[in-house]
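As structure tokens, the structure follows; a few thoughts come after it.
Readers should treat all values here as calculations from the given coordinates under stated rules, not as data from a laboratory. What you see is a predicted model; the values in this text were computed from it and never measured. Note: ideal-geometry Cβ built from the backbone for every residue, glycine included; neighbour counts use all protein chains shown.
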Amino acid sequence: MATGAGAGAPIAAARRGFDHVETWVFDLDNTLYPASCDLFSQVDQRMSGFIAKALGVPREHARHLQKAYYRQFGTTLAGLMKVHKLPPGPFLEYVHDIDLSVVPELPELAAAIEALPGRRLIFTNGSRRHAENVAQKLGVLHLFEDICDIAALEFVPKPEREAFDRMLKLHAVAAPQAAMFEDMPHNLEPASTLGMTTVLVHSDYIDHPAQLKVREWRELPEHVHYLTRDLTKFLTTETGMKIR
């Protein structure tokens, strides 16, 4: 894979820089916090448990449905709503009732985000409450103007183009003057199409076929302008922003 050295690896032809960026948009799970803390595995397991109980099926079958809906509809919740007509509230409350002690406080990340000029948003397929709790534990919540969660998107998830259109409209974001940070490569496709500068925050956590395909890359695809394994280092070196 043509990832290069250091925190970020742009394709030379696609390198856009960040001088034009006025709005910095961050995914939450496995993006703002390091995937190595394994927080999302708790959510993952609780989704299986919720489905098993709600649908009255064995946990193994619930696990199959969970992953099938995730890949087909963008989120497990979207599949449960469309196929089984389940309300989203109880699901979101249950799956996000997790132990946040594994999430580290990251003062260096906070300083790097604070140094970014312009607006900063969290854009997540999860709930606002989950995003607030996690961002507070990281020590970065106060640095964000707002959170665009799945409820604000009327439960249309990334990577649907409609989810991005709703986010841009709700927060008056000009896509060509925005940068998007995300751990799921396919979620960056609509962002790139809309004109956003895209950064893939990659890790060894694999939860989707699109993440497996990253291992086969010999160069970054057109919709991924930068790739990094270290968000803090990337923000401090590639964006050109100096921490005061």
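Rounded if a/c is under 1.5, else prolate if a/b is larger than b/c, else oblate: which is segment 40-95, with a ≥ b ≥ c the root eigenvalues of its Cα gyration tensor? Before the final figure, lay out the partial values.
Details: a/c = 1.13, a/b = 1.09, b/c = 1.04.
Here segment 40-95 falls in the rounded category.
Note down the relative contact order for the chain as a percent, whole number, built from C-alpha pairs under 8 angstrom at least six residues apart.
Numbers: 400 pairs, mean separation 73.6, N = 244.
Taking the mean separation of contacting Cα pairs over the length of the chain, I get 30 percent.
Ranking request for peptides 86-93, 157-164: highest mean number of other beta-carbon atoms within 10 Å first, then the rest in descending order.
In descending order of packing, they fall as 157-164, 86-93.
Counting other C-beta atoms within 10 Å, which of Val199, Val140 has the fewest, and how do the rest follow?
Working: Val199 28, Val140 24.
The order, fewest Cβ neighbours first, is Val140, Val199.
Taking the convex hull of the Cα atoms, report for the chain its projected area averaged over all directions, in nm². Walk me through the intermediate numbers first.
Numbers: hull surface 49.0 nm².
So the Cα hull casts an average projection of 12.2 nm².
In what sequence, highest mean first, do 32-45, 112-125 appear when ranked by Cβ atoms within 10 angstrom?
Details: 32-45: 17.4, 112-125: 19.4.
Order by mean packing, descending: 112-125, 32-45.
Across the chain, how many lysine pairs separated by 8 or more positions, or lying on different chains, have Cα atoms within less than 25 Å?
Here the count comes out as 17.
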